Amino acid sequence: MKMRSFYLTLWMLILCAFTFTACSDDDDDDVTVEEGIYVLNNGKMGNNNSTITYYDPVTQTSNTDDVYAAQNSKGLGDSGQDILCNGKYIYLAVYNSNRISVMTRDFVEVTSIALLRDGQPQSPRSLAYHDKKLYVSLYDGYVAKINTSDFTIEAQVKVGRNPEGLTVSNGKLFVANSGGMDYNTPVGYDKTVSVINLKNFEVENTIEVAINPTVLTTVDNGDVYCISMGNYGDVPNTLQKINLKDYTVTKVGEATEMATDGKKLYLMYSQYDANWNQIISYPVYDTEKEEMLSGEWIKDASVIVKPYKLSYEPKTEYLYLTSSDYRNDGDVYVYKTDGTLVTKFGAGLNPLKVVYVK
């Protein structure tokens with residue numbers, strides 16, 4: 001089996017010596033599981049330069065060598081879009097390469113799933129996992145259901161235009177339909193969230209939200225929240241709550257990115273003024289009290305340069321705020337939920353999402 005760098009292997013051996021749960025062979029004695037934070041770096045579209053960065057939360061050091069390339073002797077592809085770890089495998093959607101990479105938990109690829117309809121690429125965007133099924137939004141207007149036992153595509157269902165974010169709540173899959181490719185046409189952005197009943201994999205409802213919905217999340221009480229990106233002009237980025245009883249939608253604030261620990265929504269709201277200066281705030285919304293709290297969740301935002309994406313990992317109980325100027329390798333800022341900066345580490349070009357793998 002291909003091994004990672006000496007640094008990563010040494011860290012794994014030390015960790016296994018002290019914690020039995022950090023290493024598991026999951027039915028394959030050759031598969032080693034290394035515990036830590038992994039960052040999916042989107043790269044630049046058309047350059048086939050998506051990568052994965054490793055970060056050791058124990059020593060608070062990162063290895064900027066591409067983990068995927070080290071394990072597979074090839075590049076990940078063009079525009080890595082989403083990553084999740086569930087069950088025995090890691091799943092990664094590579095948008096412009098039109099594939100889902102399925103990897104063991106040490107990032108050795110076991111298969112690559114191409115998404116095609118009538119011979120045309122469907123371009124995977126976001127991933128969700130529920131009851132041993134993998135769900136993926138496809139930019140041609142469909143959502144696919146993939147069997148994680150044999151990695152076959154069991155079914156596809158048509159939703160809205162250019163679907164983005166996915167989230168599961170109460171046996172339903174919610175799909176944000178952005179219509180992003182129609183931004184400069186008479187049709188314009190989509191403004192719907194499709195609700196798929198996972199028992200029969202059919203759309204049972206379509207909810208109208210603010211234009212250009214892209215981000216969805218579910219909190220501990222089952223409520224679903226949606227961010228619509230607006231039109232990047234007079235319609236701002238809007239945070240909304242979807243009532244699961246009657247699917248009514250309530251605006252609760254403004255946000256561009258969100259991450260949740262299940263109780264609170266940690267938000268980033270980024271807008272540009274007339275002179276193209278980026279104006280950023282970091283609100284926090286209490287989902288139990290259903291109110292926006294006073295102040296910001298970051299204590300000192302002045303240290304952050306070009307904030308980009310936001311993730312939360314329950315294993316570490318930390319928030320991970322990435323930065324990007326779209327030209328150079330970015331950084332990841334690690335925060336406690338009280339807004340205290342823990343550390344900062346380097347990642348790749350356009351660091352998109354953080355996931356914990358053990």
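Values quoted throughout were computed directly from the atomic coordinates according to the rules given, and no laboratory measurement underlies them. In this text, all values refer to a predicted model and were calculated from it rather than measured experimentally. Heads up, the Cβs are rebuilt from the backbone with ideal geometry, glycines too, and the neighbour counts pull from every protein chain shown.
The figures follow:
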read-out	value
Shape call, segment 294-358: gyration tensor on alpha carbons, a/c limit 1.5	oblate
Tensor-based shape of segment 162-286 (alpha-carbon gyration tensor, a/c under 1.5 rounded, otherwise prolate or oblate)	oblate
Whole-number percent relative contact order across segment 97-193, with pairs defined as alpha carbons under 8 Å at least 6 apart	16 percent
Radius of gyration and maximum dimension Dmax of segment 105-155, Cα, Å	11.3, 34
Dipole of the chain, positive direction: furthest Cα of Gly87, Met103, Gly160, with charges on the beta-carbon	Gly160
Convex hull (Cα only) mean projected area of segment 271-327, reported in nm² to one decimal	5.8 nm²
Table column - 3J(HN,Hα) (Hz), segment 336-350, Karplus curve with 6.51, -1.76, 1.60, x for Gly and Pro	6, 5, 8, x, 7, 6, 8, 6, 9, 9, x, 10, x, 6, 6
Whole-angstrom Cα spans of segment 81-125 along principal axes, big to small	33, 17, 15
The chain - mean residue ellipticity at 222 nm from DSSP helices (-39,500 (n - 2.57) per run, n ≥ 4, rounded to 500)	-1500 deg cm²/dmol
The chain - percent relative contact order, Cα under 8 Å, separation 6 or more	12 percent
Calculated FRET value between Thr337 and Asp118, using beta carbons and R₀ = 56 Å, to 0.05	0.75
Equivalent ellipsoid semi-axes - Cα gyration tensor, segment 192-236, angstrom	24, 14, 7
Sites Lys315 and Asp234, calculated FRET efficiency, Cβ-Cβ separation with R0 35 Å, nearest 0.05	0.30
Student exercise, segment 206-321 dipole from Lys, Arg, Asp, Glu Cβ charges, in Debye to nearest 20	200 debye
Stretchable slack from Ile279 to Ser149, in nm (0.36 nm times residue separation minus alpha-carbon distance)	42.2 nm
For the chain: span of alpha carbons on each principal axis (Å, largest first)	54, 50, 39
At most 12 other Cβ within 10 Å, DSSP loop - GluC sites (Glu not before Pro), segment 288-358	Glu288, Glu290, Glu317
Extension gain, Ser294 back to Asn72 (0.36 nm per residue minus Cα-Cα distance, nm)	75.2 nm
